[in-house]
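Enquirer: Dropping a structure here in structure tokens format, bear with me for questions.
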Amino acid sequence: MSGSRKGAVYSTERFAGTLNAPHRSFLWSVGLDLSDIGKPLAGVVVAWSESGPCNFHTLNLIGYVKQGLRDSGCVGLAMPTIVVNDNISMGTAGMRYSLVSREVIADSVEAQIVAHAYDGFVAVGGCDKTQPGLMMAMARINRPSIYMYGGSAEPGFIGEKKFTIEDVHEYVGAYITGKVSEQELLQVELIAHPTYGACAGLFTANTMALLSEGLGLALLGSSSPTATSARRAIYAYETGKALGQLFENDIKPRDILKYETFRNAATLLMASGGSTNGILHLLALAYEAGVKFTLDDIDEVSRKTPYILNMRPAGEYVMMDLDRVGGAPLLLKKLLDAGLLEGSVLTVSGKTLAQSLREYRLPNVPHDYIVKDPSRPIKKTGGIRILRGSLAPEGAVVKTAATGVTRFEGAARVFDDEEPAFEAIRRGDVREGEVLVIRYVGPKGAPGMPEMLRVTAALSGAGLGESVAMVTDGRFSGATKGIMVGHVSPEAVAGGPIAFVEDGDRILIDTEAGRLDLLVPKEELERRKSVLRLKPPKATSGLLAKYASLVASASVGAVTLPRL
Ligand code: FES
């Protein structure tokens, strides 16, 4: 039997030696031979599903990853994890499983990697929750591991005009309010997402993909090639190969995921105007990595980070366009040069972020139309702001990049779920100046903190995107535009102030001051608290009920906490 190579810690214990004959015997049945024993055994964890385009193609990448592993002296065996497709679940009861799936993915990877004594793994994600779920598993298990994004889709075109899935949602809003015909809606529906791969704009999937590079968990440049690009295969191979180096140098995720790393990632998130979900996922990842990184840290980063990326939904371009000018490395380099990043943190390349960026060759093409210089930003502060106040004592988030409005005061229209709010827009029963309050849709209450894209897109489509605000303990899709405040904590089901809002109450949103206030006298709020009975979580059995019993507040990333 061959000697053990550096990094083959767990597999050697499980498979080497005479008494491990029964374990080893199963390896011969899946194609390994004696010379493989003692080499690092790597999982190739692929979030794969034909339920939607985002992870449709990820199985095709396995061979390249395994070849890279082989060429660096490792053995790779593939395994799947689940996908809940956000767009297909959106606006339905199915959306309640989306954030839940992040935890299921992290748990399923832990179970497979630890049970089968893998020394580490390559993780390949796509749709929104697969990415943080896989990265959380990396941090939790803390064996050498590396992330790779499966890539996003190409945009669709009608003539010169570019379309993404966000347009289909907005066209529905325009259709129900009589602004476009059924034929026009159908035309956009048919072309908006023309290839496999994740959503094309800077929605949650592409946000998390950029962050995978900012966190140092993925190879530089690996997030921006489309799913259809030939460079996907090259990155898959190089990613497999890089894991061999991580084994060799015994570099684990927690060597990479330090406090400064999270600040860097938050800086990238703010500079790019990415999805508000990025906040939830960064907090959850910090929890898994054992790093104290809070909403206050994110707030501080947001106040000093210029917003510089012109991508949809707030801007004009999609991931394919960013790829042409240099992808995440271009953004990171600009931020590093502006003194906004800590360059000394380690990355999966085995080098520091600063060193990796120095060695990365950026294309020499004009890029100012999509990536601005931090000295001439789109906005002086970050694309997402943290709000606090009497309506959100533990915090709330708003994507300032996606609205020109910085202060909004209006009368509350209260809904205890998403559907009645959507119906009100559909009936034309929502007026300018109102604040739609959608509650009991938080992590515990919904359960699963669904995204409100159906409602926010309907508002945009109805032309109310800048004149009606929304406040919710639920989440928003990365494609959301408008004055939309989410993650309101504590959530309604936990007795947060949002549970006690009544129709007509005045609500103040001030993104510059970082305030979200319910303008109701304290005594009146106390009176309401003494008479109102909170509603329980909406699930009483199955996965959602289990989740509701374990999930923590959105203000700490909606992680599930063991009850021992
Ligand atoms: Fe999968 Fe957008 S729905 S990435």
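Enquirer: Find, among the chymotrypsin sites (Phe, Trp or Tyr not before Pro) in the range 417-505, those assigned to loop by DSSP (not H, G, I, E, B) with at most 14 other beta-carbon atoms within 10 angstrom.
Expert: Nothing satisfies the criteria.
Enquirer: Below 9 angstrom from the Cβ of T276, what's the summed charge of the other residues (Lys, Arg +1; Asp, Glu -1)?
Expert: +2
Enquirer: Provide the solvent-accessible area of D505, counting protein heavy atoms only and rolling a 1.4 Å probe, rounded to the nearest 10 Å².
Expert: Result for D505: roughly 20 Å² accessible.
Enquirer: Just to confirm my understanding: which cysteines in the chain have no other cysteine beta carbon less than 4.7 Å from their beta carbon?
Expert: C74, C199
Enquirer: Oh, and also: Considering only protein heavy atoms, what per residue accessible area in square angstrom results for the chain with a 1.4 angstrom probe?
Expert: Value returned for the chain: 36 Å² of accessible area per residue.
Enquirer: Which entries in the list K6/K39; K241/K333; K6/K252; K162/K333 go over 18 Å, if you measure between the two C-alpha atoms of each?
Expert: In this structure, K241/K333; K162/K333 exceed 18 Å between Cα atoms.
Enquirer: Starting with the highest mean, order 140-151, 329-340, 357-368, 539-550 by the number of other Cβ atoms within 10 Å, averaged over the residues of each peptide.
Expert: 140-151, 329-340, 539-550, 357-368
Enquirer: Continuing with the same structure: Can you tell me the convex hull volume per residue for the range 349-428, based on C-alpha atoms, in Å³ to the nearest whole number?
Expert: Convex hull volume per residue, Cα atoms: 257 Å³.
Enquirer: Next question, about the same structure. Considering only C-alpha atoms, what is the centroid distance from the range 541-562 to the range 289-326, in Å?
Expert: If you average the Cα positions of each part, the centres end up 27 Å apart.
Enquirer: I need to check one value: relative contact order of the range 470-564, counting alpha carbon pairs closer than 8 Å and at least 6 residues apart, in percent.
Expert: About 21 percent, as a whole number.
Enquirer: Scan around V468 for amide H atoms under 5 Å from its own, H built in the peptide plane at 1.01 Å from N, and keep only partners 5 or more places away or cross-chain.
Expert: Here the answer is G433, since their amide H atoms fall under 5 Å of that of V468.
Enquirer: Related question: Give me a comma-separated list of calculated 3J(HN,Hα) values for the range 538-546, in order, Karplus coefficients 6.51, -1.76, 1.60 applied at θ = phi - 60°, integers in Hz, x for any Gly or Pro.
Expert: Computed from phi, the couplings for the range 538-546 are 7, 10, 10, 8, x, 4, 5, 5, 4 Hz.
Enquirer: I would also like to ask the following. For the peptides 38-44, 185-191, what is the packing order when you average, over each peptide's residues, the other Cβ atoms within 10 Å and list the highest mean first?
Expert: Top to bottom by mean Cβ count within 10 Å: 38-44, 185-191.
Enquirer: Round to a whole angstrom and tell me the spacing of the C-alpha centers of the range 137-175 and the range 57-109.
Expert: So the separation of the two Cα centres works out to 15 Å.
Enquirer: As a test of the formula, what do you get for the chain when each DSSP H run with n ≥ 4 contributes -39,500 (n - 2.57) and the sum is divided by the residue count, at 222 nm and rounded to the nearest 500 deg cm²/dmol?
Expert: For the chain, the value works out to -11500 deg cm²/dmol.
Enquirer: Something else now. Direction-averaged shadow area of the convex hull around the Cα atoms of the chain, nm²?
Expert: Averaging across all directions leaves 25.4 nm² for the Cα convex hull.
The values are calculated or read from the model by the stated rules, or taken from the named source; none is laboratory data. Bear in mind the structure is a predicted one, so any value in this text is a computation, not a measurement. As a convention, Cβ positions derive from the backbone with ideal geometry for all residues, glycine included, and neighbour counts pool all protein chains shown. Remember, those area values only see protein heavy atoms, side chains included, never the ligands or the DNA or RNA. Shrake-Rupley method; radii C 1.70, N 1.55, O 1.52, S 1.80 Å.
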